[in-house]
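Each reported figure results from applying straightforward, stated rules to the coordinates on display, with no laboratory input. Note that the structure is predicted; figures quoted are calculated from it, not measured. All Cβ positions, even for glycine, are placed from backbone atoms using ideal geometry, and neighbour counts span all protein chains on display.
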């Protein structure tokens with residue numbers, strides 16, 4: 001979506017699923033999360049963007065304890081603040 005003075009890219013439904021539609025890293029939430037972020041990164045790159053352009057993201061985890069993997073990725077990417085609800 002292009003608006004005066006800005007561009008907006010909406011990405012939805014991204015998960016640990018490969019190009020053939022198969023779930024990858026079954027049983028390994030850490031690797032699934034990392035894979036998903038690689039996919040999102042590739043989508044951003046395909047539009048001339050990177051993670052510095054991200055203003056909001058939502059992740060869904062089956063178990064709250066698995067959010068630690070998201071927090072680790074966010075920290076490694078230098079995202080100063082993130083919220084868990």
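Given an 8 Å cut-off on Cα distances and at least 6 residues of separation, report the relative contact order of region 2-85 as a percent.
Numbers: 37 pairs, mean separation 17.5, N = 84.
Reported relative contact order: 21 percent.
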For the chain, set up a GNM with springs between Cα atoms under 10 Å and report which of 20, 72, 12 has the largest fluctuation.
20
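What is region 2-82 by shape, rounded, prolate or oblate, if you read a ≥ b ≥ c off the alpha carbon gyration tensor as root eigenvalues and call it rounded for a/c under 1.5, prolate for a/b larger than b/c, and oblate otherwise? Walk me through the numbers before you get to the answer.
Working: a/c = 2.21, a/b = 1.40, b/c = 1.58.
The shape class here is oblate.
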Roughly what angle does helix 67-76 make with the longest principal axis of the chain, taking Cα atoms, 0 to 90 degrees, to the nearest 10?
50
Net length gained if the chain between residue 12 and residue 72 were fully extended (0.36 nm per residue, minus Cα distance):
19.4 nm
What is the order of 50, 28, fewest Cβ neighbours within 10 Å to most?
50, 28
With the Cα gyration tensor of region 24-69 giving a ≥ b ≥ c as the square roots of its eigenvalues, does the rule (a/c under 1.5 for rounded; else a/b larger than b/c for prolate; else oblate) give rounded, prolate or oblate?
oblate
With springs only between Cα atoms under 10 Å apart, run a GNM on the chain and tell me which of 69, 61, 35 wobbles the most.
61
Roughly what angle does helix 29-46 make with the longest principal axis of the chain, taking Cα atoms, 0 to 90 degrees, to the nearest 10?
20
Note the full-extension length gain between residue 58 and residue 43 as 0.36 nm times their separation in residues minus their Cα-Cα distance, in nm to one decimal.
3.8 nm
